[in-house]
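Asks: Below you will find the structure I want to go over with you.
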Amino acid sequence: MRTTPEIPSASMADIAFLLLTFFLMTTTIANDRGLMIQLPPPPEAQPDVEVKIQERNMFKIQVNSSDNLLVEGNPMADVSDLKDDIKKFIINRGVDPASSDSPEKAIVSYKTDRGTSHKRFIEILDIIQGAYYDLYAEQAGVTNSRFREAASDLSDPTNKQIWEKGKNGIPMQVSIAEPTKIGN
Amino acid sequence: MGKFKGKVKLNQSIPTSSMPDVVFMLLFFFMVTTELRKTSLLVQQHIPNASQLRKLQRKSLVANLYIGEPRSTEQFGNEAKVQADDVFIESKDIILWVSRQKDMLAEAEREQLTVSLKVDGEAKRGIIADVETELRKANARKILYAALEKSDPGSKP
């Protein structure tokens, strides 16, 4: 008796390679993550009311066109302490007379130059937001990554609770100023 | 030792019968973890790293802007440009582009539009700030600076 004839499966690998090549060429790994910011209203919309902000309630961070960092007037080459400095500034609550009155009044002012690289801009912004998220997470009793997770989906009541508990009394006041035109 | 009969076969080949299985596994991996590319990238994109990443809520409420040096510098020069939906646009066209994106959404959802800025690490702050100013004028103020996960050894998780 003859064995049942089988379909030759020698070309299975070829078909698989073709499909694989197609998918490699036409797809991309999606990236839907990043640093979230709320921009201020457009420049003309605001009446030019000069609100007097005390020196002590402002934490000045500046970056020039060569990506050098100036924090509160002093050059800073190593950024590892910057996050802690910002946190200390925000939750000072009047203790140090040179630092902020309260978290509601504390403003982190971030000024760059038109020639500053985006990479450096993101690096410092990451540290500033890190300081705020760390404070929120601590206040809500969760980890930093859990807080950010909760912030990304406020439809869930548990998340909303964590978000509100964390943000209570500490608004994220980061003023990203119009970049200066000094550099090349 | 002298009991071998006849010739000994000298060529042993590695069995390749499991090759299709391996390739199919790779294929399924790519099918599951990627999505079909919707726009062709005309600019260089080395996205910077960051640790404080937030995730976008709903894909339908996101509009993408790509900023960076053009890929073909002979044709477009080497100044950073802004790309939206497969074409380069000028800063002044952004307001129009935003209103077109908003028109595609339901009335109630227009205020929730998030603009995802996918900016090359080497792009300068100048052009990005111009884009931001136009977005403020167009009332698209929710911005996400795209960034890749950075492992941050210095902070608590």
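The values are calculated or read from the model by the stated rules, or taken from the named source; none is laboratory data. Fair warning: this is a prediction, and the values are worked out from it, not measured in the lab. Here Cβ is always computed from backbone atoms with ideal geometry, including for glycine, and neighbour counts include all displayed protein chains.
Asks: Considering only residues that are more than 16 Å from B:Leu53 (Cα to Cα) and among the acidic types (Asp, Glu), which ones fall in the stretch A:130-184?
Replies: Selection gives A:Glu138, A:Asp156, A:Glu164, A:Glu178.
Asks: For the stretch A:82-94, does any single residue satisfy the condition of being polar (S, T, N, Q), facing another protein chain (nearest Cβ under 10 Å), in contact (Cβ under 8 Å) with a residue 12 or more places away in the chain and farther than 26 Å from B:Lys142 by Cβ?
Replies: No.
Asks: Can I ask one more? Just the residues that are assigned to a helix (DSSP H, G or I), away from every other protein chain (no Cβ under 14 Å) and touching a residue at least 12 places away in the same chain (Cβ under 8 Å), please, taken from the stretch B:79-97.
Replies: B:Lys92, B:Trp97
Asks: Search the stretch B:43-58 for residues being surrounded by fewer than 18 Cβ atoms within 10 Å (Cβ to Cβ) and more than 7 Å from chain A (Cβ to nearest Cβ), and hand back the single one that is farthest from the chain's Cα centre (by Cα).
Replies: Result: B:Arg58.
Asks: So, one more: If the requirement is being of a type outside the set (Ser, Thr, Tyr), assigned to a helix (DSSP H, G or I) and out of contact with any Asp or Glu (no Cβ under 7 Å at 6 or more places or on another chain), which of these qualifies: A:Ala16, A:Ala77?
Replies: Only one candidate passes the filter, namely A:Ala16.
Asks: Now, a different point. Within the stretch B:67-78, count every residue that is surrounded by 11 or more Cβ atoms within 10 Å (Cβ to Cβ) and not in a helix (DSSP H, G or I).
Replies: 6
Asks: Can you confirm whether A:Ser102 is under 14 Å from A:Pro171 (Cα atoms) and loosely packed, with under 15 Cβ neighbours inside 10 Å?
Replies: So A:Ser102 passes the test.
Asks: Can you find a residue in the stretch A:143-155 that is in a loop (DSSP other than H, G, I, E, B) and either touching an Asp or Glu at 6+ places or on another chain (Cβ under 7 Å) or more than 12 Å from every other protein chain (Cβ to nearest Cβ) (or both)?
Replies: no
Asks: Take the residues in the stretch B:136-157 that are more than 7 Å from chain A (Cβ to nearest Cβ) and at pLDDT below 80, then tell me which one is surrounded by the most Cβ atoms within 10 Å (Cβ to Cβ).
Replies: B:Asp152
Asks: Take the residues of the stretch B:59-70 that are within 12 Å of the chain's Cα centre (by Cα) and free of Cβ contacts under 8 Å to residues at least 60 places away in the same chain: which is farthest from B:Ala129 (Cα to Cα)?
Replies: B:Asn64
Asks: Taking the stretch B:98-132 as the region of interest, how many residues are in a helix (DSSP H, G or I) and touching a residue at least 40 places away in the same chain (Cβ under 8 Å)?
Replies: The qualifying residues number 6.
Asks: Does A:Ser102 qualify as being within 11 Å of chain B (Cβ to nearest Cβ) and of a type in the set (S, T, N, Q)?
Replies: No: the conditions fail for A:Ser102.
Asks: Inside the stretch B:11-65, can you point out the residues that are over 19 Å from A:Phe22 (Cβ atoms), among the aliphatic types (A, V, I, L, M) and not in a helix (DSSP H, G or I)?
Replies: Hits for the stretch B:11-65 are B:Ile14, B:Leu42, B:Val43, B:Ile47, B:Ala50, B:Leu53, B:Leu56, B:Val62, B:Ala63, B:Leu65.
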